[in-house]
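Remarks on the structure that follows.
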Amino acid sequence: MSNHVYKTLEITGSSPTGIEDAVNGAIAKASETVRNMQWFSVEETRGHIEDGKVAHWQVTIKVGFTLE
């Protein structure tokens with residue numbers, strides 16, 4: 001097994017339907033321009049309230065990817 005060097009990037013995804021959709025959307029968008037993504041960690045979760053209900057979710061994640 002070879003040694004890897006990782007770089008991380010912090011991104012925020014949003015969704016009106018839930019946390020998982022916000023994370024999946026952020027990763028899908030990042031995958032359009034970032035290669036070799038290996039892992040992610042959730043750093044912050046927050047939301048927007050309208051009329052006493054959750055209207056929107058925002059999730060900030062760190063994504064780790066290997067350098068070429």
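The values are calculated or read from the model by the stated rules, or taken from the named source; none is laboratory data. None of the values given here were measured: they were computed from a predicted structure. Methodologically, a virtual Cβ is constructed for each residue, glycine included, from the backbone with ideal geometry; neighbour enumeration extends over all protein chains shown. We work out accessible area using only protein heavy atoms, side chains counted, and drop any ligands, DNA or RNA first. Shrake-Rupley method; radii C 1.70, N 1.55, O 1.52, S 1.80 Å.
Summary table
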quantity: Mean accessible surface per residue for the chain, computed with a 1.4 Å probe while every protein chain stays in place, in Å²; calculated: 73 Å²
quantity: Share of carbon and sulfur in the accessible heavy-atom surface of the chain [1.4 Å probe, %]; calculated: 49 percent
quantity: Largest to smallest accessible area among Thr60, Thr12, Thr33 [probe 1.4 Å]; calculated: Thr33, Thr12, Thr60
quantity: GluC sites (Glu not before Pro) within segment 25-65, DSSP loop, no more than 10 other Cβ atoms inside 10 Å; calculated: Glu32
quantity: Ratio of Rg to Rh over the chain (Cα coordinates, Kirkwood Rh, two decimals); calculated: 1.11
quantity: The chain - percent relative contact order, Cα under 8 Å, separation 6 or more; calculated: 45 percent
quantity: List Ile49, Ile11, ordered by accessible area with a 1.4 Å probe, largest first; calculated: Ile49, Ile11
quantity: Within the chain, helix-based [θ] at 222 nm, where runs of 4 or more DSSP H residues each add -39,500 (n - 2.57), nearest 500; calculated: -5500 deg cm²/dmol
quantity: Pairwise FRET efficiency - Thr66 versus Thr45, Cβ, R0 = 22 Å, nearest 0.05; calculated: 0.25
